[in-house]
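Q: Quick one: the structure is below, questions incoming.
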Amino acid sequence: MTQPSQNLDSSLPRIIGRTRRLPSQQRTVFDQIFHSGGGYVLDFSDRTMAEWFEENFDIRIFQERFQVEGASKGKTLRGFVEVAEPRLVAQVLRVLWAYRCSLDGYVDADVAKEERLKAWLEQFTSELENASTLNLDDAFKDFSRDTTLPKLRASIAADLVAEKPDVALDRVHTYCVKRFRDLLASRNQAVDAKTPLDAIFGAYGKALRDEGAVSEFALPTLRVQHKLFDSLNQARNKRSFAHDNELLEVSEAQFIIDCVLASLAFIERIEASRQTPAADLGDEIPF
């Protein structure tokens, strides 16, 4: 998974505003780049713009949530920039820039100005990547030499960045099964291949309790997470591409994924601090 850029020049004025990704002054530069003032975008018609987004990114660009300013091509593009997942926006703008540069009549004849526009876009896309709230690298790790793991992580990341949590559910489930089996194996606990995810996590939670790896304040949270992984297991079996199912609603799938990401990140922090002794909780608080 690609890490957001951390090499922004702190001496440059920030482009993204506090309440808008494209404040009015920066929107003027954006419109210069993509010729998106007056409702237009480059050489696109409504049909060709819809086709370009569909073919390159599987995005229905003229959907209502992107039309916060209006339904014209320019307003729809700026709306997409405002509300879509920031890493996705950055990806789209880089490809859209390349498309712009391939067209006759859209590259600025003033070489110095064209370089300034290019530098502006590079900074803006870097800021967008750093603004993403998807903590993928905190949650998903290359924890073993399993050769399928990097491909699995990359596939999950691609779908989550592309705002397709319903599609990612099955592979997130697969990752969780692999991760908790590995964590139990590191404790010399074998797991039967048919054991469902929630039971695997239950065994892992009991191991944490027995080790005293979490305090009495965190144990109730782990119990809630046990229900979370049961929900993920049910959603995977009944509402994902794992079988011939009707997919879960995107908002519901995103909610489950968000909770799983937070849980996995918490667990990775626990594992990173396993060497620190914790208070012996005994059997007073059953998992």
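The values are calculated or read from the model by the stated rules, or taken from the named source; none is laboratory data. Everything numeric here is computed off the predicted structure, so don't read it as measured data. Note that we place each Cβ from the backbone using ideal geometry, even for glycine, and neighbour counts take in every protein chain shown. Ligands, DNA and RNA are excluded from the accessible area calculation, which covers all protein heavy atoms including side chains. Shrake-Rupley method; radii C 1.70, N 1.55, O 1.52, S 1.80 Å.
Q: Going by Cα centres, segment 64-107 and segment 228-265 are how many Å apart?
A: Rounded to whole Å, the Cα centres lie 30 Å apart.
Q: What does the charge count near L264 come to, summing +1 for each Lys or Arg and -1 for each Asp or Glu among other residues with Cβ under 9 Å from its Cβ?
A: After counting each charged neighbour, the total is 0.
Q: What distance in nm lies between label points placed 7 Å from Cα along the C-beta direction at K151 and D46?
A: Modelled inter-label distance: 4.2 nm.
Q: May I pose another question? Using only Cα atoms and rounding to the nearest 10 degrees, what angle (0 to 90) does helix 197-211 make with the longest principal axis of the chain?
A: So the helix axis and the longest Cα principal axis differ by about 60 degrees.
Q: Alpha carbons only, please: Rg and Dmax for segment 15-67, in angstrom.
A: Rg and Dmax of segment 15-67, Cα atoms, are 12.6, 34 Å.
Q: To one decimal place, what Kirkwood hydrodynamic radius in Å is obtained for the chain from all pairs of distinct Cα atoms?
A: Value: 21.6 Å, from the Cα pair sum.
Q: Report, in degrees rounded to the nearest 10, the 0 to 90 angle that the Cα long axis of helix 219-238 makes with the longest principal axis of the chain.
A: With rounding to tens, the tilt is 70 degrees.
Q: I've got another one for you. Counting only protein heavy atoms and using a 1.4 Å probe, what share of the accessible area of the chain belongs to carbon plus sulfur, as a whole percent?
A: Carbon and sulfur together cover 49 percent of it.
Q: Now, a different point. Sum -39500 (n - 2.57) across every DSSP H segment of at least 4 residues in the chain, then divide by the residue count to get the 222 nm mean residue ellipticity, nearest 500.
A: Per the formula, -19000 deg cm²/dmol.
Q: Using a Gaussian network for the chain with springs between C-alpha atoms less than 10 Å apart, which of these wobbles most: E129, E64, E85?
A: It is E64.
Q: With a 10 Å radius around each residue's Cβ, average the other Cβ atoms per peptide and rank 24-32, 92-100, highest first.
A: Highest mean packing first, the order is 92-100, 24-32.
Q: Does anyone have the angle between helix 86-101 and the longest principal axis of the chain? Alpha-carbon axes, 0 to 90°, nearest 10?
A: That helix lies at roughly 30 degrees to the long axis.
Q: Further question: Could you state the accessible area per residue of segment 83-213 in Å², with a 1.4 Å probe and every protein chain left in place?
A: So segment 83-213 comes to 44 Å² accessible per residue, rounded to a whole number.
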